[in-house]
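First the structure, in the form of structure tokens, and then the observations on it.
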Amino acid sequence: MERLRTAVIGLGGIAGSHLSAIGQLSDRFELVAGVDPRGPSAANAAKLGDAPLFADEAEMYDHVTDIHAVAVCTPHNLHIDNIRSAVGHGARGLLVEKPVTTTLADMDEVIELTERHDVRVSVGYILRHNPLFIKMHQLVEAGTYGAPFAVTCRTEQGWSGQWLDDKSWIKTNEGLGRGGSLFSHGCHYVDLMIWMMGRPVKAAKASTKIAQGDRMEGPDTSFAIFEFERGGIGTMFSSWGIRHCESAIDYRVYCQDAQLIYDHRYDGSMDLFVVEQTGVRTRIDASDVGGGGPDAFAGLKNFIRQYTRFHECVVDGVDPEPGLRTARLSMEAILAAVDAYEQNRSALWPDRPVHPPPFRPIEEDARYRG
């Protein structure tokens, strides 16, 4: 089996899952370099092993040759330059964290550039590699419970501390992109909606900054609504401002004869249910798909499955899951919702001002200090 000489660019939080998966799949990948101008976290430094660490890409490419694959784990706005550089230095495959870019123009450049150079690209929508979502998708596609007509998702997060300190890129519009938490994190679930409901044709949203106030430049909480080409509709609630979280992910697909529920609780447990009788949940066994069982959002099992598929994509020509053109759809849908919101197209009273209550920083209450 061919081992892909692999570099990881950006060694912050999410890179730890990438490094762990690469280490577990040592028959398929050889870690040859890591890049981060700030240096890796202590945990990620250990996962680098003997691979050299560089402060920037140029230095890495000067010292390390024949890099087959690059994992891009930098802030969203830096992806475009990371991708240009990797393609320019002959990479055969890229695994890029989501969202791939912060603008559709940059996304289109990435699609054109990688297709012209025959570079295989997989996008880090990790939930497509969770067996429970794979099973849900199979049931929807097969029409097991009739046609799907609605999908809804609620995610709850209450980030503080290092995520939103003054040095963190995630609090800035430049680093995060337009749309705040909806664009950066909600894109996972909008991608799942498109996977199960088809291409979106209409989008709108409403947002607020009350929870985090001026700690974030963009909105910390958003509702978005979509209409899909097959006639179904969807709603997405995404927040980085919930102090007392009850459910990590509640994702539901409503079909003609039943509803399917993905329930991911804050104790780390998760299940897929079907409701065929009012008030009665029946657990669905997904052991026949995915291999290895379900895992936490950024859990190692999901990343091993993602990297296994990525290897097949680069070496054997298997289609990526998902690829760039599919990933563009969720970006397009969210940015269309942001545009509608910013242009006030869906406002009932466009001249009526909004007066949010005074912002109370989280730090004022010792119970919520990160």
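Readers should treat all values here as calculations from the given coordinates under stated rules, not as data from a laboratory. Just so it is clear, the model here is predicted, and its values are computed rather than measured. When we count neighbours, we look across all protein chains shown, and the Cβ atoms used for this are built from the backbone with ideal geometry, even at glycine.
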Cα-based Rg of the chain per 2.2 N^0.38 Å, rounded to two decimals? 1.00
For the stretch 4-123, place one equal point scatterer on every Cα, skip the solvent, and apply the Debye formula. What is log10 of I(q)/I(0) at q = 0.14, 0.15, 0.16, 0.18 Å⁻¹? -0.52, -0.60, -0.68, -0.87
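Calculate, for Trp169 and Gln256, the FRET efficiency according to 1/(1 + (r/R0)^6) with r their C-beta to C-beta distance and R0 30 Å; round to the nearest 0.05.
The computed FRET efficiency comes out at 0.10.
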Report, in deg cm²/dmol and to the nearest 500, the calculated mean residue ellipticity at 222 nm for the chain, where each DSSP H run with n ≥ 4 adds -39500 (n - 2.57) and the sum is divided by the residue count. -9500 deg cm²/dmol
Can you give the net charge of the other residues whose Cβ lies under 13 Å from the Cβ of Glu276, counting K and R as +1 and D and E as -1? +1
Rounded, prolate or oblate: pick one for the stretch 124-215, where a ≥ b ≥ c are the square roots of the eigenvalues of its C-alpha gyration tensor, a/c under 1.5 means rounded, and failing that, prolate if a/b is larger than b/c, else oblate. prolate
Go through the stretch 96-105 residue by residue and turn each phi into a ³J(HN,Hα) via Karplus (6.51, -1.76, 1.60, θ = phi - 60°); whole Hz please, and just put x for glycine and proline. 10, 5, 8, x, 4, 9, 9, 9, 5, 4
So for the pair Glu2, Ile225, with labels modelled 7 Å out along Cα→Cβ, what separation do we get in nm? 4.9 nm
Between Thr208 and Val280, what is the label-to-label distance in nm when each label sits 7 Å out along the Cα-to-Cβ direction? 3.9 nm
So what is the relative contact order for the stretch 250-322, in percent, with contacts set as C-alpha pairs under 8 Å and at least six apart? 15 percent
Using alpha carbons only, how many angstrom separate the centre of the stretch 7-70 from the centre of the stretch 196-210? 35 Å
Scan around Lys202 for amide H atoms under 5 Å from its own, H built in the peptide plane at 1.01 Å from N, and keep only partners 5 or more places away or cross-chain. Glu227
Zone residues, the stretch 261-287, relative to Ala296, backbone N less than 19 Å from point 7 Å out along Cα-to-Cβ: 263-272
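Tell me, in nm to one decimal, what length is gained between Ser269 and His117 on full extension, where the rule is 0.36 nm per residue of separation less the Cα-Cα distance? Present the calculation step by step, with values, prior to reporting the outcome.
On the way: separation 152, 0.36 × 152 = 54.72 nm, distance 4.24 nm.
Length gained, Ser269 through His117: 50.5 nm.
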Between Ser247 and Asp108, what is the FRET efficiency for a Förster distance of 56 Å, r being their Cβ-Cβ separation, to the nearest 0.05? 0.95
